[in-house]
Amino acid sequence: MPDKPVTYEELTPGYKFPPATYELSAPFVSKYMQAVDGVDAGFVPPLAITACAIAAMTKSVPVPPGTIAIHASQELEFLKLVSVGTTVECHIGVAQKIARGKMNMVILGVEVFAKGGEKVQSGRATIALPT
Amino acid sequence: MEMEKEVKDGQALGPVVRLITQEKIKLYAEASGDFNPIHVDESFAARTPLGGTIAHGMLSLAYVSEMMTSAFGRAWLAGGKLRAKFKEPARPGDTLTISGNVDCIEKGDDVSYANCVFGCHNQKGDIIVTGEAVVKLTDDNK
């Protein structure tokens, strides 16, 4: 764990954020399904896991003052169906940083592991930070 | 978990139609833990260039996944891949329609893949999300 939060300027490709852990409990799945108008099917929808990972990302990325973070694109691969009650760990790292005129962009890589180390999901998210 | 028994080139996917409300955005924030003020703080969001709150991109993508799950079942849930671009924000009051089709089926010796395209647009016809998805077909739906 870093001693102090990293600043946006300090983010460089290869930087890894501290892993974030989530318990995909029955109440969590139920709340998620209610939010997306879904029907509880007895497993964790892959996008519910991604939702946790994205929340971890948005909390991790230090947004420069006066800037809003906009989710611009998303790539995902679902590797394993996860059962309710599983605890997952989200590993997020900086893949790329782009500055284009008044637009900064950071591309984050994410890998999600179930307890025991089995990878269940991976992806990349592009976060745009217009100034 | 229903699924089509046989997948064909050009096969239509969806549509899934959903109304976005601020209440739904709040529920999604509570479920996901993503309380970015651009989604949940109406007075903050009004002062940004977006002019108001917007739905989480992942909420729109959840509807895409719902459509893919209806078509491909477990093959999508454990083995699906997608690439999505968020083109315009979805806002409270928007009715989103998510639809797509099987663009082509790649047949190999042992395995086939359904390459799909999808889009999400609002009631004004604005494109909110576009993307591609790939599903490894199982014996059930090859």
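The values are calculated or read from the model by the stated rules, or taken from the named source; none is laboratory data. These figures come from a predicted structure and were not determined experimentally. In this analysis, Cβ positions are derived from the backbone assuming ideal geometry, glycine residues included, and neighbour counts consider all displayed protein chains. When the accessible area is computed, the model is the full protein with side chains, heavy atoms only, and any ligands, DNA or RNA have been set aside. Shrake-Rupley method; radii C 1.70, N 1.55, O 1.52, S 1.80 Å.
Points worth noting:
- Selection within region B:10-44: residues that are charged (D, E, K, R) and out of contact with any strand residue (DSSP E or B) (no Cβ under 8 Å at 6 or more places or on another chain). The member of this set that is nearest to the other protein chains (Cβ to nearest Cβ) is B:34.
- Residue ranges of strands (runs of 3 or more DSSP E) in region B:85-142 with at least 3 members within 21 Å of residue A:36 (Cα to Cα) and in contact with a Pro (Cβ under 9 Å, 6 or more places away or on another chain): B:95-107
- Selected residue (only one of B:91, B:47, B:74, B:83 is over 21 Å from residue A:44 (Cβ atoms), among the basic types (Lys, Arg) and at the interface with chain A (Cβ under 9 Å from one of its Cβ atoms)): B:83
- Residues of region A:4-25 satisfying the condition of being of a type outside the set (Gly, Ala, Ser), touching a residue at least 12 places away in the same chain (Cβ under 8 Å) and more than 13 Å from residue A:106 (Cβ to Cβ): A:5, A:16, A:18, A:19, A:21, A:22, A:23, A:24
- Residue selected from region B:16-52 under the condition of a type in the set (Lys, Arg) and under 24 Å from residue A:38 (Cα atoms), by the criterion most open to solvent (accessible area, probe 1.4 Å): B:26
- Exactly one residue out of B:79, B:100 is open to solvent by less than 20 Å² (accessible area, probe 1.4 Å) and touching a strand residue (DSSP E or B) at 6+ places or on another chain (Cβ under 6 Å), and it is B:100.
- Note on region A:20-131: enclosed strands (runs of 3 or more DSSP E) holding 1 or more residues that are of a type in the set (Gly, Ala, Ser), under 16 Å from the mean Cα position of the chain (by Cα) and surrounded by 18 or more Cβ atoms within 10 Å (Cβ to Cβ) are A:20-23, A:70-78, A:103-114, A:119-130.
- Where a residue in region A:43-59 is in contact (Cβ under 8 Å) with a residue 60 or more places away in the chain and among the charged types (D, E, K, R) and its partner, wherever it lies, is outside any helix (DSSP H, G or I) and open to solvent by 10 Å² or more (accessible area, probe 1.4 Å), with Cβ under 7 Å and at least six apart: none
- Residue within region B:53-75 that is open to solvent by less than 60 Å² (accessible area, probe 1.4 Å) and part of a strand (DSSP E or B) present: no
- Per-region count, region A:71-104, residues at pLDDT 90 or above and within 13 Å of another protein chain (Cβ to nearest Cβ): 14
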